[in-house]
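The values are calculated or read from the model by the stated rules, or taken from the named source; none is laboratory data. Computed from a predicted structure; not experimentally measured. Neighbour counts run over all protein chains shown; Cβ positions are idealised from the backbone, glycine included.
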């Protein structure tokens with residue numbers, strides 16, 4: 001009987017110890033699980049990926065065709081955070097005189113919206129060209145600052161080595177959008193491209209700058225976006241007035 005009581009006390013002590021350890025381990029496991037859950041949910045909330053695929057009737061770069069007036073397939077992938085930062089890449093086929101046939105761009109920036117609903121977006125893009133050995137000679141980087149207020153945008157781009165020519169170059173753009181209904185909108189846009197050294201880069205003979213303008217209608221149908229725009233420039237040698245059609249689809253995850 002005494003032996004039984006001793007065994008019972010020892011068993012109770014062991015059982016108590018095991019229970020305490022078990023509860024301690026469970027508490028640690030729960031805390032660890034909660035931590036990983038919070039981190040995962042925080043990552044999901046603070047970071048998003050977006051992929052866009054686009055088909056265009058012509059790749060117009062400020063009104064100038066980079067595909068010799070032929071269609072292009074384009075795609076981008078962007079990662080953004082809730083704090084306003086983002087980075088990504090964009091690709092397209094091209095058709096240059098030197099034989100270059102592929103463009104891959106990389107960009108990063110930060111967008112901030114103040115209490116007056118003014119958004120300022122600043123960043124840098126790097127353009128790379130591929131297809132033949134001299135293609136990379138046209139690679140260049142470009143900084144940008146974009147201002148948005150409601151449906152009005154004013155953008156500035158500056159490149160110190162435009163298309164690898166060692167010439168400074170900047171672009172000024174102003175556009176305004178009009179929402180027709182939930183699915184249709186209209187944009188009017190005008191931009192001016194300016195070379196800062198005509199000895200190294202000029203858009204045409206004795207012409208350091210040119211103006212490009214377009215009016216474009218946008219339509220969305222079942223998550224597919226369509227646009228049809230009329231583009232024109234004041235260049236004489238190229239940049240003719242033309243219609244541009246695009247169709248795109250975006251995926252967020």
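Could you go through segment 156-170 and let me know if any residue there is modelled with pLDDT under 95 and surrounded by fewer than 17 Cβ atoms within 10 Å (Cβ to Cβ). Spell out the reasoning first.
Here is the first cut: in segment 156-170, the ones modelled with pLDDT under 95 are none.
Within segment 156-170, not a single residue is modelled with pLDDT under 95 and surrounded by fewer than 17 Cβ atoms within 10 Å (Cβ to Cβ).
Which of the residues that make up segment 60-83 are in contact (Cβ under 8 Å) with a residue 24 or more places away in the chain, more than 11 Å from residue 129 (Cβ to Cβ), out of contact with any helix residue (DSSP H, G or I) (no Cβ under 6 Å at 6 or more places or on another chain) and not in a strand (DSSP E or B)? Give the derivation first.
Looking only at segment 60-83, we keep the residues that are in contact (Cβ under 8 Å) with a residue 24 or more places away in the chain, and these are 60, 62-70, 75-83.
From what is left, the residues that are more than 11 Å from residue 129 (Cβ to Cβ) are 60, 62-65, 67-70, 75-83.
Those left that are additionally out of contact with any helix residue (DSSP H, G or I) (no Cβ under 6 Å at 6 or more places or on another chain): 60, 62-65, 67-70, 75-80, 83.
Passing the criteria: 62, 63, 67, 68, 69, 70, 83.
So, of the residues in segment 98-114 that are over 13 Å from the mean Cα position of the chain (by Cα) and crowded, with 18+ Cβ neighbours inside 10 Å, which turns out to be nearest to residue 243 (Cα to Cα)? Across segment 98-114, the extreme among qualifying residues is 103. Residue 142 satisfies every condition listed in (1) more than 20 Å from the chain's Cα centre (by Cα); (2) buried (at least 17 other Cβ atoms within 10 Å of the Cβ) except (1).
Being surrounded by 15 or more Cβ atoms within 10 Å (Cβ to Cβ) and more than 29 Å from residue 194 (Cβ to Cβ) is the requirement here; does residue 50 meet it? Criteria met by residue 50.
Residues checked against (1) assigned to a strand (DSSP E or B); (2) under 27 Å from residue 96 (Cβ atoms); (3) in contact with a strand residue (DSSP E or B) (Cβ under 8 Å, 6 or more places away or on another chain):
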position	(1), (2), (3)
136	no, yes, yes
172	yes, yes, yes
176	yes, no, yes
186	yes, no, yes
190	yes, yes, yes
202	no, yes, yes
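Which one is nearest to residue 157 (Cα to Cα) among residues in segment 206-225 that are touching a residue at least 12 places away in the same chain (Cβ under 8 Å) and part of a loop (DSSP other than H, G, I, E, B)?
Within segment 206-225, the subset touching a residue at least 12 places away in the same chain (Cβ under 8 Å) is 207-221, 223-225.
Pick out the ones that are also part of a loop (DSSP other than H, G, I, E, B) and you get 208, 223.
Working: 208: 16, 223: 30 Å.
The residue in question is 208.
Can you find a residue that is surrounded by fewer than 13 Cβ atoms within 10 Å (Cβ to Cβ), modelled with pLDDT of 90 or more and under 21 Å from residue 129 (Cα atoms) anywhere in segment 84-97? Scanning segment 84-97 turns up no residue that is surrounded by fewer than 13 Cβ atoms within 10 Å (Cβ to Cβ), modelled with pLDDT of 90 or more and under 21 Å from residue 129 (Cα atoms).
For residue 233, the criteria (1) surrounded by 14 or more Cβ atoms within 10 Å (Cβ to Cβ); (2) under 24 Å from residue 90 (Cα atoms) hold in every case but one, which is (2).
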